[in-house]
Amino acid sequence: MTLIVVAVVSGALVLGAAWGIYGKLGKRTEGFIVALAGGALLLSVVSELIEPSIDKSSIFHAMAGVGAGAVVFAVLDYLVDEKWGSNSGGGLLAAITLDGIPENLALGVALIGAGPKEVAALAGSILLSNLPEAAGGAKSMAGGRHSKTKVLWLWVATAALLSAAAIAGNLLLEGAPEEVLAVIRCFAAGAVVASLATEVFPQAFKEDRHWAGVATALGVILAFVLGSLSGG
């Protein structure tokens, strides 16, 4: 089950990148689906990462992880934007990589001894986020100085890295203290929240300002339904 979930979640990055590079993706459509993904993640990070960490550990460990994740993301995102340029898609790639590593570590931990329904909410929200974010980021990068093939392979490498993180979390963190797991989960949550504020929602509003709010609400509804199905 671990390998199947990891393959589906990380495979969404490759499919999204291929869609953005070779397919047709209108700006309004792109903005709508990015906002949809952002709404799903907004609820998911609270219900599937932060709240369980507080319940199983302490609010101190949870908030320390959230703060650290947000600060580290903000610093690295600034550095990446300085190198790649704010409109080149590098920011979204950085967002997916930075929040994706601890996020997939947390996903791997969640898969320890869990049934399919118990991880459906988090895995589903990550998948919903990865597909449109990869499509938008890859489209922007392919429109710059990079070749389409190079961009696609860059996203394939990113997907492989995040897959490795999920498998490592599943194999290496079994039996780890709950305080450690709480910090990892909430570091991911902090990085996700920072990426939503700086990369996801601004792009969604820019591309589809009139419907971005509705799409975000739909994403929240989807995440809530997934959480209800999994018993969350």
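The values are calculated or read from the model by the stated rules, or taken from the named source; none is laboratory data. Just so it is clear, the structure is predicted and the values come from calculations on it, not from any experiment. Positions of Cβ are backbone-derived with ideal geometry, glycine not excepted, and every protein chain shown enters the neighbour counts. In case anyone asks, the SASA skips ligands and DNA or RNA and just uses the protein heavy atoms, side chains included. Shrake-Rupley method; radii C 1.70, N 1.55, O 1.52, S 1.80 Å.
Within the range 11-40, the set of residues being open to solvent by 10 Å² or more (accessible area, probe 1.4 Å) and closer than 29 Å to Leu181 by Cα comprises Gly11, Val14, Leu36.
Checked against the criterion of being within 30 Å of Ser140 (Cβ to Cβ), assigned to a helix (DSSP H, G or I) and hydrophobic (A, V, I, L, M, F, W, C), the candidates Ala64, Ala17 yield just one match: Ala17. Would the range 162-170 turn up any residue that is open to solvent by less than 60 Å² (accessible area, probe 1.4 Å), out of contact with any strand residue (DSSP E or B) (no Cβ under 9 Å at 6 or more places or on another chain), closer than 22 Å to Trp19 by Cα and at pLDDT 80 or above? Yes, some residue in the range 162-170 is open to solvent by less than 60 Å² (accessible area, probe 1.4 Å), out of contact with any strand residue (DSSP E or B) (no Cβ under 9 Å at 6 or more places or on another chain), closer than 22 Å to Trp19 by Cα and at pLDDT 80 or above.
If you go through the range 141-151 and keep only what is open to solvent by 10 Å² or more (accessible area, probe 1.4 Å) and at pLDDT 75 or above, you end up with Ala142, Ser147, Lys148, Thr149, Lys150.
Here are some residues: Val72, Val8. Which one is within 16 Å of the chain's Cα centre (by Cα), modelled with pLDDT of 85 or more and either on the phi > 0 side of the Ramachandran plot or open to solvent by 40 Å² or more (accessible area, probe 1.4 Å) (or both)? Steps first, answer last, please.
Working: Val8 fails: modelled with pLDDT of 85 or more.
The unique qualifying residue is Val72.
The rows are residues; the columns are (1) open to solvent by less than 10 Å² (accessible area, probe 1.4 Å); (2) touching a strand residue (DSSP E or B) at 6+ places or on another chain (Cβ under 6 Å); (3) modelled with pLDDT under 85.
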| residue | (1), (2), (3) |
| --- | --- |
| Ile184 | no, no, yes |
| Ala188 | yes, no, yes |
| Val192 | yes, no, yes |
| Phe205 | no, no, no |
| Gly213 | no, no, no |
| Thr216 | no, no, no |
| Gly219 | yes, no, no |
| Val225 | no, no, yes |
